[in-house]
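Q: Next up is a structure, given as structure tokens.
The values are calculated or read from the model by the stated rules, or taken from the named source; none is laboratory data. These numbers were taken from a predicted model, which means no experiment stands behind them. Backbone-built Cβ (ideal geometry, glycine too); neighbour counts: all protein chains shown. We work out accessible area using only protein heavy atoms, side chains counted, and drop any ligands, DNA or RNA first. Shrake-Rupley method; radii C 1.70, N 1.55, O 1.52, S 1.80 Å.
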Amino acid sequence: MKKEIKIKGMHCASCAVVIEKGLNKIEGVKANVNFASESAQVELSSMQKMEQVNNVIKSLGYEVISDKENEEKSKKKALDKMKKRVILTFILAIPLGVIAMGPMLGLVLPSMFDSVWIQLILASIIVLINYNFYINGFNAIIKARSANMDTLVSIGTGAAYIYSIVNLLLGNTMDLYFETTGLLLAFILLGEYFEAVAKHRTGSAIRKLLELRPKKATIIRNGKEVMVGVDEIVKGDVVIVKPGQKVPVDGIIISGSSTIDESMITGESLPVEKKKGDEVVGGTINKSGSFKFKAVKVGSGTFLSQVVKMVSEAQMSKAPVQRLADKISSIFVPLVVSVALFAGIVWLLSGQSFYFATKIFITVVIISCPCALGLATPTAIMVGTGKGAENGILFKNVEALEKINKTKYVVFDKTGTLTKGEPLVQKIIGFNGLKESDVLRITGGAEAQSEHPLAQAVMKELKEKKIHLAKVSKFNNVSGSGVTADYNSKKLIVGNESFMKEYSVKIEEAEEYIKEYQSKGMTVILTGLDKELIGLVAINDELKPTSKEAIRELQKQGYIVYMITGDNKATAENIAEQLGVENVFANVLPGDKAKKVKQLQKIGGVIMVGDGVNDAVALTQADVGIALGSGTDVAIESGDIVIVKNDVMDVSRAINLGRATFNKIKQNLFWAFFYNSAGIPIAAGVLYPFFGLLLNPIIAGLAMSFSSVSVVTNSLLLRAKKL
């Protein structure tokens, strides 16, 4: 069983690594901890393990947020508390810095403040206020046998503080680092606060989605209107929605009509008209009229709950590039401490003072905190997937973001993807003396039990013309070819040309009609009785308005576009010509679509776009599967990415967003690695022999803190991207 746990108190990616290591030591527990979302996804062999999980997290110095309803309040409370700590720390650190460094700058202080003991008192209070750095830092080493950012902060500031106390007790008042301890903690804490505020903004999409759900709803029970909590609504309840109210759950309107704002879920700005028989989605806003609807999906089964779950799981999952960053973070801290010790010892052996060597050690330790590295990937993912969710583009896993950048081909299924999926009968021809109505009646008898869109077109025509079905028996569906049945003791065959030939049905009389209708992009269904052809039905499926534009956009981006269909070559090529697609796979059975995808994968990465039902295998086979949804059926889609609006243009938008998000990840990782690669040598004093340049530990702390803020801010720029 899977459980998501919200964790309070993580300061960097190394914190996440420490918790992950601790949890994975528990037998029967597999954990994945995400620093950016401040949560852990754990797989438990039994619920009895949950107590052990909570105890391990608490023992490492972190807090479990058990009340998910108050999670947002808890985070705001933690931010307020951190803000107060920042203010109090600076109130003490600024005077400490002035007292310690003022005389060096020519500032004359009153005699009562010109005391090293005041520096000790102020520094000690600052250390006590920020005790959590030291507890968490040493807990990581002692209990998890690992190290995190707090370990580096506690080692760096602790070394400066203890070194200063020892010198003070020995009477050496010249070599003191009290102001370094105080100002370092102040700037690191300030950086953490800005980082927390920025990181809080990256998760705004999920919070907005959760806020869509109303807490109360009006339902009819025992003939009376009753106000109940949304969680109390059960399937089948009749719900009343008045103007301005939010729809509480998913359902079907049974009376009344209105216009509904579905923008937060689909990204569509214009309100949608709804009437009796139409679906409504929980979380959308009723703009005008009142209506009653029957609850169909409630609780975790609603569309909104599925979207929140999908986005949360995507944000919790890790792309391969993030796993690499996490691995580096886990070994980075001990490596940094080793480098800092080595640099200090080298300077000591070269004749520099212990004071100088200590300064080098502290500076290297402080500047090397791997926060920016840990934030690089998850913050970009949170913003990218959140922006997608706001626009009806749902990333089910983050690996798709990485794989999109390695793809060359986009393969579109035709029916229901490039076309509306609502084919209509355009022409009926009878042979051997049969009337059109007889052809339709007999063909409909065979197609009645088929779920194929073409069969549905025949059934729709029958219904409109009020023609009764022929009674058939022994129905058999042959996927991608047609159907067979028994009718009046004869073999009834309904399907394409090759299917007719397979059963030796003579179709010469219909060949001219077949060519004519196929040249117009229609699909032809033939009906045979024993070996005689009795009818032809020509069906046309309209292209979606945005299909041609979407394909043109993808071709501009350098993609090679293919269309795949079960239609014969003539029909397929006609439709492809209308769309501007040069590459076509025709006469492909549903089960063979994956083989065509696999064939293309030998020469490049493939994105498969389909309806998520008939194309499930092909979507799974592709490097990236994009499933066009149909409103509330998101949960059953098979792709890595789900397009809620069923709009082909969103395929291009999804690819653009995937590329942009991964580019942000690469930018963030570059700057994080560049920062540490450049910062550590400078902190170690490599420029000192040549230019006399030595980095101050306080500047190092400031630079370290704001490197993390810059990475998060860069990720937040994704929110401004136009799709």
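Q: Using Cα atoms only, what is the angle between the long axis of helix 116-129 and the major principal axis of the chain, expressed in degrees (0 to 90) to the nearest 10?
A: The helix 116-129 is inclined about 20 degrees to the chain.
Q: Using the basic label-point model (7 angstrom from Cα toward the beta carbon), what is the Ser288 to Ser350 distance in nanometres?
A: Rounded to a tenth, the inter-label distance reads 7.8 nm.
Q: Which one of Ile345, Leu184, Cys15 has its Cα pushed farthest toward the positive end of the charge dipole of the chain, where Lys and Arg give +1 and Asp and Glu give -1 at the Cβ?
A: Farthest towards the positive pole: Leu184.
Q: Which value, in Å², gives the accessible area per residue of the chain when a 1.4 Å probe is used on the protein heavy atoms?
A: Numbers: 32420 Å² over 723 residues.
For the chain, the solvent-accessible area averages 45 Å² per residue.
Q: Considering only Cα-Cα distances, which of the following residue pairs are longer than 24 Å: Lys215/Lys645; Lys84/Lys387; Lys406/Lys596; Lys21/Lys77?
A: Where the Cα-Cα span goes over 24 Å, the pairs concerned are Lys215/Lys645; Lys84/Lys387; Lys21/Lys77.
Q: Next question, about the same structure. Taking the 0 to 90 degree range and rounding to the nearest ten, how far is the long axis of helix 569-579 tilted relative to the main principal axis of the chain, both from C-alpha atoms?
A: Its long axis makes an angle of about 50 degrees.
Q: With +1 on the Cβ of every Lys and Arg and -1 on the Cβ of every Asp and Glu, and nothing else charged, how large is the dipole of segment 472-593 about its Cα centre, in debye rounded to the nearest 20?
A: Values: 14 positive and 19 negative charges, 61 e Å.
Roughly 300 debye, rounded to the nearest 20.
Q: Another question, if that's okay. Give me the number: length gained by fully extending Lys242 to Glu279, i.e. 0.36 nm times residue separation minus the C-alpha to C-alpha distance, one decimal in nm.
A: Details: separation 37, 0.36 × 37 = 13.32 nm, distance 1.63 nm.
The span from Lys242 to Glu279 would gain 11.7 nm if fully extended.
Q: Suppose R0 equals 45 Å. What FRET efficiency, 1/(1 + (r/R0)^6) with r the Cβ-Cβ distance, do Glu532 and Gln578 give to the nearest 0.05? Don't skip to the end; give the middle numbers.
A: Details: r = 35 Å, r/R0 = 0.78.
In this case the efficiency is close to 0.80.
Q: Let me spell out the model: positive unit charges on the Cβ of Lys and Arg, negative unit charges on the Cβ of Asp and Glu, origin at the Cα centre of the chain. What dipole size does that give, in debye rounded to 20?
A: 1060
Q: Further, regarding this structure: Between the helical axis of 178-202 and the dominant principal axis of the chain, each derived from Cα atoms, what acute angle in degrees is found, rounded to the nearest 10?
A: Between the helix axis and the principal axis of the chain, the angle is about 10 degrees.
Q: Additional query: I'd like to compare 514-527, 615-628: which one has the highest average count of other Cβ atoms within 10 Å, and what's the full order after that? Don't jump to the answer; show the numbers that get you there.
A: Values: 514-527: 20.4, 615-628: 24.6.
So the order, starting with the most tightly packed, is 615-628, 514-527.
Q: Have a look at Leu600, Thr565, Leu702 and report the one farthest towards the positive end of the charge dipole of segment 560-712, computed about the Cα centre with Cβ charges (Lys/Arg +1, Asp/Glu -1).
A: Checking the options against the dipole of segment 560-712, the answer is Leu702.
Q: At R0 = 41 Å, how high is the FRET efficiency between Met227 and Lys77 if r is their beta carbon distance? Nearest 0.05 is fine. Spell out each step's value before the answer.
A: Numbers: r = 30 Å, r/R0 = 0.73.
The formula returns an efficiency of 0.85 here.
Q: Within segment 14-41, which residues have the backbone N less than 16 Å from the label spot 7 Å out from Asn54 along Cα→beta-carbon, could you tell me?
A: 40
Q: For a 20 Å ceiling on Cα separation, which of these pairs sit above it: Lys76/Lys246; Lys3/Lys83; Lys435/Lys465; Lys403/Lys666?
A: Details: Lys76/Lys246 26 Å; Lys3/Lys83 31 Å; Lys435/Lys465 14 Å; Lys403/Lys666 14 Å.
As for pairs spanning more than 20 Å Cα to Cα, those are Lys76/Lys246; Lys3/Lys83.
Q: For segment 391-450, what % of the accessible area comes from carbon and sulfur atoms, probe 1.4 Å?
A: Details: 840 of 2160 Å².
The nonpolar share, carbon plus sulfur, comes to 39 percent.
Q: Which of Ile252, Leu335, Leu128 sits farthest toward the positive end of the charge dipole of the chain, with +1 on the Cβ of Lys and Arg and -1 on the Cβ of Asp and Glu?
A: Selected residue: Leu128.
Q: Antiparallel DSSP bridges in the chain: what percent, to the nearest 5? Provide the component values of the computation, followed by the final result.
A: Values: 72 of 93 bridges.
If I count the DSSP bridges inside the chain, around 75 percent turn out antiparallel.
Q: Given labels modelled 7 Å from the Cα in the Cβ direction, how far is it in nm from Thr713 to Lys463?
A: 5.9
Q: I've got another one for you. Considering only protein heavy atoms and a 1.4 Å probe, what is the carbon-and-sulfur percentage of the accessible area of segment 501-635?
A: Numbers: 2810 of 6120 Å².
Ligands and nucleic acids excluded, carbon and sulfur reach 46 percent.
Q: Turning to a different aspect of this structure: Figure the gain on full extension for Asp592 and Leu687 (residue separation times 0.36 nm, minus the Cα-Cα span) and round it to one decimal in nm.
A: 27.8 nm
Q: Per DSSP H run of at least 4 residues, take -39500 (n - 2.57); add these up for the chain, divide by its residues and hand me the 222 nm value, nearest 500 deg cm²/dmol. Present the calculation step by step, with values, prior to reporting the outcome.
A: Working: 25 runs with 360 residues, N = 723.
For the chain, the value works out to -16000 deg cm²/dmol.
Q: If we sort 584-590, 221-227, 384-390 on the protection proxy, mean other Cβ atoms within 10 Å, highest first, what's the order?
A: With the highest mean Cβ count within 10 Å placed first, the list reads 384-390, 584-590, 221-227.
Q: Find out how many positive minus negative residues lie around Glu502, taking Lys and Arg as positive, Asp and Glu as negative, among other residues whose Cβ is under 15 Å from that of Glu502. Don't skip to the answer; put the middle values down first.
A: Working: positive: Lys491, Lys501, Lys506, Lys531; negative: Glu497, Asp530.
So the surrounding residues net to +2.
Q: Show me 598-611, 392-405, 498-511 ranked by packing, highest mean number of other Cβ atoms within 10 Å first.
A: Values: 598-611: 19.8, 392-405: 23.6, 498-511: 14.6.
The packing order, highest mean first, is 392-405, 598-611, 498-511.
Q: Right, next: Using Stokes-Einstein with the Kirkwood hydrodynamic radius over Cα pairs, what translational diffusion coefficient do you get for segment 567-632 at 37 °C and a viscosity of 0.692 mPa s, in µm²/s rounded to a whole number? Before the final figure, lay out each step's value.
A: Values: Rh = 12.7 Å.
For these conditions, the coefficient is 258 µm²/s.
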